[in-house]
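Structure record follows, encoded as structure tokens.
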Amino acid sequence: MVLPRQPWLDGINSGKGTVRQFVAVPLGLGATVEGQVTGEEVWGGVQLQAFGLVEERLAEWREAQRRTRSAGGPAMAYGAAVPMAMAAPPAPTAAPRSAPAMGLGVGGSMRQEVYQDDRPLSDWAGTPAGRVFVHLVTPPEWRRITGEAPPPSPVDRAAYTRAGLPWFDYYDQDAEDLAPTDALEGVKPVGEWLGDDHEPWQAPTSQQVKPLGDAPGKPVEDGDW
């Protein structure tokens, strides 16, 4: 995904403006995305790689941001510059088999675009500037590793809705949704391994849904402020 254009990502790309929600699931069932795509469950967790702009494009972007700030407009926050030359990060180690290791599976479908990059591939560095390997663990393993109580479980969607908390609907008039790869499009939900969620979905009220960005079909135009 391309930052900062992508405001958030809550699941794997399933196409047509939807994602399949990230769900933590134990290794060994074959339910993880890793297991379904590769046929093996070795690593678990999730790996994140960051690719920076090439020096020339980064300089152009910084100059454009400087001009925007000088004109009093909002600058896009890419955050601190990532060094382009770094030693190769160490390879991740597989989660110890004695631990109830977890991986990422997919859950229900939710409406969210994965935005297509509007830059050519040549604008980006060919090697990652850094990589982070994130392990997923069960609450008992969290306590064993950290010596602290695990964070409380988040509320489920029904409790969230009953409490009247806001849901957010993000729409970008100029963005194009990225088509999913064949490998990800065929990933099956974890419900086929763990059992389906039979609790009916409680839809939020219209007052709970907060639109971010232009409303669909109604982009802001000159004179419509």
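The values are calculated or read from the model by the stated rules, or taken from the named source; none is laboratory data. Since we're looking at a predicted model, the values are computed, not measured. Every residue, glycine as well, gets a Cβ built from its backbone with ideal geometry; the counts of neighbours run over all protein chains shown. These accessible areas exclude ligands, DNA and RNA; they are computed on the full protein's heavy atoms, side chains included. Shrake-Rupley method; radii C 1.70, N 1.55, O 1.52, S 1.80 Å.
Numerical summary
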item	result
Tally of residues being assigned to a helix (DSSP H, G or I) and surrounded by 11 or more Cβ atoms within 10 Å (Cβ to Cβ) across region 132-149	7
Residue list for region 171-185, filter: assigned to a loop (DSSP other than H, G, I, E, B), modelled with pLDDT of 75 or more and among the aliphatic types (A, V, I, L, M)	Leu178, Ala179
Residue list for region 17-31, restricted to those being assigned to a loop (DSSP other than H, G, I, E, B) and closer than 16 Å to Asp169 by Cβ	Gly17
Region 150-161, subset in a helix (DSSP H, G or I) and of a type in the set (A, V, I, L, M, F, W, C), residue modelled with the highest pLDDT	Ala159
Selection from region 52-72 of residues that are assigned to a helix (DSSP H, G or I) and open to solvent by less than 40 Å² (accessible area, probe 1.4 Å)	Leu58, Ala64, Gln65
Number of the exception - Arg111 against (1) in contact (Cβ under 8 Å) with a residue 24 or more places away in the chain; (2) surrounded by 14 or more Cβ atoms within 10 Å (Cβ to Cβ)	(2)
Residue check for Lys188: at pLDDT 75 or above, of a type outside the set (S, T, N, Q) and not in a loop (DSSP other than H, G, I, E, B)	no
Unique match (being touching a Gly at 6+ places or on another chain (Cβ under 6 Å) and either surrounded by 12 or more Cβ atoms within 10 Å (Cβ to Cβ) or not in a strand (DSSP E or B) (or both)) among Glu40, Glu34	Glu34
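This table checks each residue for (1) within 30 Å of Thr32 (Cβ to Cβ); (2) at pLDDT below 85.
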{"site": "Glu56", "(1), (2)": "no, no"}
{"site": "Arg62", "(1), (2)": "no, no"}
{"site": "Met76", "(1), (2)": "no, yes"}
{"site": "Pro90", "(1), (2)": "yes, yes"}
{"site": "Met102", "(1), (2)": "yes, no"}
